[in-house]
Each structure stands twice: as C-alpha cells, then as structure tokens.
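Values in this text are rule-based calculations from the coordinates and carry no lab data. Just so you know, these numbers come straight off a predicted model, no measurement behind them. Every residue, glycine as well, gets a Cβ built from its backbone with ideal geometry; the counts of neighbours run over all protein chains shown.
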Amino acid sequence: MAAITGEAEAEAPGVVFVHGSPPFGLPFKDRLLSRFQLIHMSELPESSHVKVMLCMDHTPVTSQTLYKLPSLECIVASSAGVDHIDLTTCRLRGIAVANGSQAFSEDVADYAVALLMDVLRKISAGDRYLRSGLWSTKGDYPLGWKLGGKRVGIVGLGNIGSEVAKRLVAFGCAIAYNSRKKRSSVSFPYYADVCDLAANSDILVICGALTSETHHIINKDVMTALGKEGVIINVGRGSLINQKELVQFLVEGQIRGAGLDVFENEPIVPRELLELDNVVLSPHNAVVTPEAFEAMQELAISNLGAFFSNKPLLSPI
Ligand SMILES: O=CC(=O)O
C-alpha cells in the first residue's frame, strides 16, 4: 500500500507501504516514481499531509491505518473487491475510494463462465476419470448438462456481473439478477430478494462485493430455494456464502454442484469439498492474468492522475 501526496515536481511528494513484501513489480513502481513520490507507511512523518493512498492487493486498511493519515482524501485500490478497506470510516471521513474491477472484470467473467461450464459438463471430473485409467476399466463417464437455455441468477450486477451476463446471453441463457438497487440501464428481471432470484434460477453466479449486508447472502434458505438441480458459482468473496451450509448442501446432494474460486478462510478449503466430483475448486485465480494486471496498473495511475488534476476518479466505488 502506498500513500501519495502529489505530482512529482521540484519537491518530491510522499509514499507509504504497509505491505509485508514489495507490493508491485519494478516497471509499475518505476512508472509511479516518474510521477509521484512513494513513502513507506512506517516512514511517514508524524504530521503527514498525505492525501492519496495506493492500496495494492488485499492489504488491510483499518481504522488505525486511516487514523495515521488525517489528511487522506482518496484511496486507489488495485483490487476489484475492497472489503479489506474500512469503508465505514472512509464514508464518515469523506474519503473517496476507487477500485480495480474495471481492469479485471472481463477476466473474472470469463473464469466464472469457465467454472460454470466445467461444473455442468464435468470437464475436470472427466479429466480425473481418464487420467486414473477408469475409462478403459469402468466405461464412459456420466454425461453433463447443457448450458444454453438455463436460467442464471446473477448476484451483484456490477462490472463483473454485467460481463458475466453478456457472456451467458451469448450462450442462450436467461439472465435475472439481484443487486443493491434495480439498474435502469438493463432489462433483465430484477429480484430485490435473493431467495426469489434463486427460486427462479437454475444457476446462481455470485459476483457481488462483500459488505456487512452481503455477508452470507447465500445461505440455506437461498440454496433450498435454488433446489436440488441448482448450481452455484462464486467469483466474489468466500464469505458471501455461508460455507458451512454450502458444504452440507453439496455433501447431501441438496444442490447439483458448485464452482468456487473463493473461500471463507483462504487458503484453507473444507476437506469435504476435495472429495466431491461435482465441485470445481480454484485458488482465487479468476482475477489473475498478466493482461488484467497491466490494465490494473494503467487504471491505478489514471485514477491517481485524475485525483491530482481535480478530475473525477475513473472507477469510484
Ligand atoms: O479478488 C480479487 C480482487 O478483488 O481483485
């Protein structure tokens, strides 16, 4: 994480790192240093007037961190999710926050669709079956299900959810969604209640932000409403789902399957899930491509530039 005081001119502006390891690669750091001065958080002078923070990865920005930065006006986060930042304090102090989801949304959406396709068509499970020599001894692997024509409920229709919708429309799916608010710009059916969305969906794709309101938004009631043939894909945050209840529903066959890129207590994954062939597991990788990382750097620098030029942030949350 870095805090930035101003455009680098005659006098160098300040930077802060509270990151355990170097937070970003050399080319990005060089690009930042050509315009701004970076200071490690531990080197921040007592009476610092730092106005902007650059928060890399998921480094926590707690109320204590913010307390040390009394002049802070803006946080530019590299990540799509900003649940590691104390947004309540930011709101109270009027600190603007920008995130990186614009840079990552296409890649995350591709990954969500890949997980969904894998769960439905059993690609990873079939791969395991073939590699373990069972095809020749036990015969053909059971067939999966068609994606086209499925009713997909998207939970969180932000940048990522909208890209998921775009892709699944092309596959012939019927889209509906749940979000904090109905979006006037889209014609997909809106469900204010996530249980109602689940009752009218074959598949739920979880893309929303983790907040105190969305914590465990997917619970046993939602999964019961989704039904035995339902599939859940999560590329948001692990704690959007009550993981204990999800594991129970999967183990007992009360839903058909799940594709999970995120977990409640990463990198720990419930042991029961490792045994299940109807679950595709992924180590929080949806976001990571070199192309997306490049786009994130561009977006972060543009957000910082916008702040210092008194222009609107490019990706305010
Ligand atoms: O999970 C990844 C991100 O929030 O960027």
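So for the chain: antiparallel DSSP bridges make up what percent, rounded to the nearest 5? Of all bridge pairs located within the chain, approximately 20 percent are antiparallel. Taking amide H positions as modeled 1.01 Å from N, with prolines and chain starts lacking one, the residues under 5 Å from Arg151 and 5 or more places away or on another chain are Ala174, Asp202, Ile203.
Ignoring lysines fewer than eight residues from Lys146 along the same chain, the ones with Cα atoms less than 25 angstrom from its Cα are Lys122, Lys138, Lys166, Lys228.
Between Ile233 and Leu204, Val205, Ile206, Gly259, the built amide H atoms are under 5 Å apart, and every one of these is 5 or more places off in sequence or on another chain.
Applying the Kirkwood pairwise sum to the alpha-carbon positions of the chain produces a hydrodynamic radius of 21.0 angstrom.
The residues Val164, Val186, when put in order of fewest to most other Cβ atoms within 10 Å, stand as Val186, Val164. When you restrict to C-alpha pairs under 8 Å that are six or more residues apart and normalise by the size of the range 215-317, the relative contact order lands at 22 percent. Taking every alpha-carbon pair under 8 Å whose residues sit at least 6 apart, the chain reaches a relative contact order of 15 percent.
Put a plus charge on the Cβ of each Lys and Arg, a minus charge on the Cβ of each Asp and Glu, and nothing anywhere else: the dipole of the chain about its Cα centre is then about 740 debye.
Among the listed pairs Lys181/Lys311; Lys29/Lys181; Lys182/Lys311, those with a Cα-Cα distance over 32 Å are Lys29/Lys181. Net charge in the neighbourhood of Cys195 (other residues with Cβ under 12 Å of its Cβ; Lys, Arg +1, Asp, Glu -1) is -2. Among residues other than Asp110 with Cβ under 13 Å from its Cβ, the summed charge is -4 (Lys and Arg +1, Asp and Glu -1).
Once you order the gyration tensor axes a ≥ b ≥ c over the Cα atoms, which shape class does the range 78-153 get: rounded for a/c under 1.5, otherwise prolate or oblate by comparing a/b with b/c? Since a/c reaches 1.5 and a/b is larger than b/c, the shape of the range 78-153 is classed as prolate.
Is the range 105-281 rounded, prolate or oblate when judged by the Cα gyration tensor, a ≥ b ≥ c being the square roots of its eigenvalues, rounded requiring a/c under 1.5 and prolate requiring a/b larger than b/c? In terms of gyration-tensor shape, prolate. In the chain, the DSSP-assigned H stretches of four residues or longer account for a calculated mean residue ellipticity at 222 nm of -10000 deg cm²/dmol, using -39500 (n - 2.57) per stretch and the full residue count as denominator. For the range 105-281, relative contact order (Cα pairs under 8 Å, six or more residues apart, normalised by length) works out to 21 percent.
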